[in-house]
């Protein structure tokens, strides 16, 4: 762990003492030269596998970029990083608003890094163009984790459609693994469609819940609970402890109604108090037990292969859709057909067929 004493110091300047310039012309010149220099894909990869976090961040920014030249460079970087990836524990973390996700991620994140493991925290949130995902706010609250030399916190990609954001996150995972991160948390915002995308790129899915907020089982989609390998009830402390234990029994009963997982794992329910760091070790023990099981029965390898095939198809779908809507002929015709549909002059199916035939020049 790095020494954080420097963050606790303040700079006292005596009145009347002339302070030297912190930046001279030579420093500015060097900075401009570094900024202007364009790295090749091989240079990016070399720096990434050596653990250079600055270059890793720049590479992820290139992945997130919509510029054509950046997309080509990104593909090259990802392809070259692939052989160095695939060795991390990928863990999806989601939860209802107000559940204390940032506090929980910091608590379990610090526990993970205490063993000398390198941790990367990524986010998926295609909904907000202003906040770029809740993790931007979370990062300011994860004071200990954000200055931990074994941790790397990366904000969500810029807002866009879920498929595009999810794909960029998955590609960021590949780069983080190549950089030597042992554990990767992928956080989602709220409970919705993004959880499905996260489930398709992680090994373990953790659902964070609260107790004492009405009927705990109401408003939770069956599909989300079916995906969970572990349900964690946070804020199990003080007056809320009894409610948390009661909610634990409810969730355990509910999980018994679901069909068994392909992994052979029986989903667990665990209470904790992230703010007081109570039972965080038990949660990590459960996660380790899961990975031991799926490695012993070969589900780990099979699941990763199935996920790769899934993302191949998702990439095809995403690229075809982007290419379709960016086609100049389609862009010129689609507004006219949209108006025809709105005015009931044409059915939506007929309009779609016209556009598709136009695209394929039939």
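The values are calculated or read from the model by the stated rules, or taken from the named source; none is laboratory data. Note that the structure is a prediction, hence the values are computed from the model and not measured. Positions of Cβ are backbone-derived with ideal geometry, glycine not excepted, and every protein chain shown enters the neighbour counts.
Details
- Taken together, the criteria exclude residue 355 from residues that are in a helix (DSSP H, G or I) and exposed (fewer than 15 other Cβ atoms within 10 Å of the Cβ).
- All positions within the stretch 267-314 that are assigned to a loop (DSSP other than H, G, I, E, B) and in contact with a helix residue (DSSP H, G or I) (Cβ under 8 Å, 6 or more places away or on another chain): 267, 272, 274, 275, 277
- Among residues of the stretch 131-171, those that are closer than 27 Å to residue 284 by Cα and either modelled with pLDDT of 65 or more or outside any helix (DSSP H, G or I) (or both), counted: 22
- Helices (runs of 4 or more DSSP H) enclosed by the stretch 43-130 - at least 3 residues per element that are more than 20 Å from the chain's Cα centre (by Cα): 68-81
- For the stretch 11-24, the count of residues that are at pLDDT below 95 and surrounded by 11 or more Cβ atoms within 10 Å (Cβ to Cβ) is zero.
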